[in-house]
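Okay, structure first, notes after.
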Amino acid sequence: MSNFWARFEKINGRLFRYDTRIYLQPVNNIETSDICLGAVVGKNPGSAKGEPSATLKEINLDGDKLLPTVRNIFLKAYQDADKELPERSYIQVLNLFYLCEADLNLAISQAENETTQETCQTENKLFPFVWFVWGGDDDRLNHFKMRFEFLKVIQPFYYDNGTIVEKIPEETSSARHTQGLKHDYVLSYISNMLKTLEMKQK
């Protein structure tokens, strides 16, 4: 059983990761009825690894911290909201680009030269919420952010220097990454959001 699943694909000898999911409770298989609660948008898949496959497989985190950090924050938020975890529910992980590489500088260089690079089909979903954690203004990354202007989302948000901003960030906005982020900065907002989303669904 695992909390972290994705589909890995080798393209031109390089590993790409698609349809990444953070399950709040571990599962031993993927079902079509699994519930997507919302999404988080990061930079690129880092050190987490997996075997290329046509289906989703368990992820070997190999030191990747974003995925477990996001899960821990949502577990705390559900606890603070006094809500039970929805069974077989997950957070979708989207990225600016999907090339797996722990060294961001190298990843950007390789992504720029990857003519066959594809985005993830899950970007076409309608998400109840999307949390943007792709970092701040970066000339090397900003052009990757532009397509997310058209993301279908009911409640977008990001954390910017002490403030939660409820909109899709612009390319030069500061959308704080989870690395080193104190959970308390976002915990109250996410907890209240989960209560609001539940009311909207009733």
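The values are calculated or read from the model by the stated rules, or taken from the named source; none is laboratory data. Being a predicted model, the structure only gives us computed values, none of them experimental. Neighbour counts are summed over all protein chains in view; Cβ atoms, including those assigned to glycine, are modelled from backbone coordinates with ideal geometry.
Quick test of your reading of the structure: residue 113 fulfils all but one of (1) surrounded by fewer than 19 Cβ atoms within 10 Å (Cβ to Cβ); (2) under 14 Å from the mean Cα position of the chain (by Cα); (3) polar (S, T, N, Q). Name the failing condition by number.
(2)
For the subset of the stretch 92-108 comprising residues that are of a type in the set (S, T, N, Q) and surrounded by fewer than 23 Cβ atoms within 10 Å (Cβ to Cβ), which member is nearest to residue 194 (Cα to Cα)?
Here the residue is 92.
Residue under question is residue 76, and the condition is that it be among the charged types (D, E, K, R) and not in a helix (DSSP H, G or I); does it hold?
Considered against the rule, which asks whether it is among the charged types (D, E, K, R) and not in a helix (DSSP H, G or I), residue 76 comes out as no.
State which residue is farthest from residue 169 (Cα to Cα) when the search covers only the stretch 58-67 and only residues that are crowded, with 16+ Cβ neighbours inside 10 Å and modelled with pLDDT under 95.
61
Of a type outside the set (D, E, K, R), assigned to a loop (DSSP other than H, G, I, E, B) and within 19 Å of residue 20 (Cα to Cα): which single residue out of 97, 144 fits that description? Step through it out loud before you land on a result.
Numbers: 144 fails: assigned to a loop (DSSP other than H, G, I, E, B).
The unique qualifying residue is 97.
Among the charged types (D, E, K, R), within 14 Å of the chain's Cα centre (by Cα) and surrounded by 18 or more Cβ atoms within 10 Å (Cβ to Cβ) - does that describe any residue in the stretch 68-91?
Going through the stretch 68-91, the residues among the charged types (D, E, K, R) turn out to be 71, 76, 80, 82-84, 87-88.
Those still in the list that are within 14 Å of the chain's Cα centre (by Cα) too: 71.
Narrowing the set further to residues that are surrounded by 18 or more Cβ atoms within 10 Å (Cβ to Cβ) leaves 71.
Yes - at least one qualifying residue is present in the stretch 68-91.
Name the residue that is surrounded by the most Cβ atoms within 10 Å (Cβ to Cβ), counting only residues in the stretch 180-202 that are at pLDDT below 85 and polar (S, T, N, Q).
196
If we scan the stretch 23-38, do we find a residue that is within 19 Å of the chain's Cα centre (by Cα), more than 20 Å from residue 148 (Cα to Cα), modelled with pLDDT of 90 or more and among the acidic types (Asp, Glu)?
Yes, the stretch 23-38 has at least one match.
What number of residues in the stretch 7-17 are touching a Phe, Trp or Tyr at 6+ places or on another chain (Cβ under 7 Å) and without any contact (Cβ under 8 Å) to a residue 60 or more places away in the chain?
Going through the stretch 7-17 one residue at a time, the tally reaches 2.
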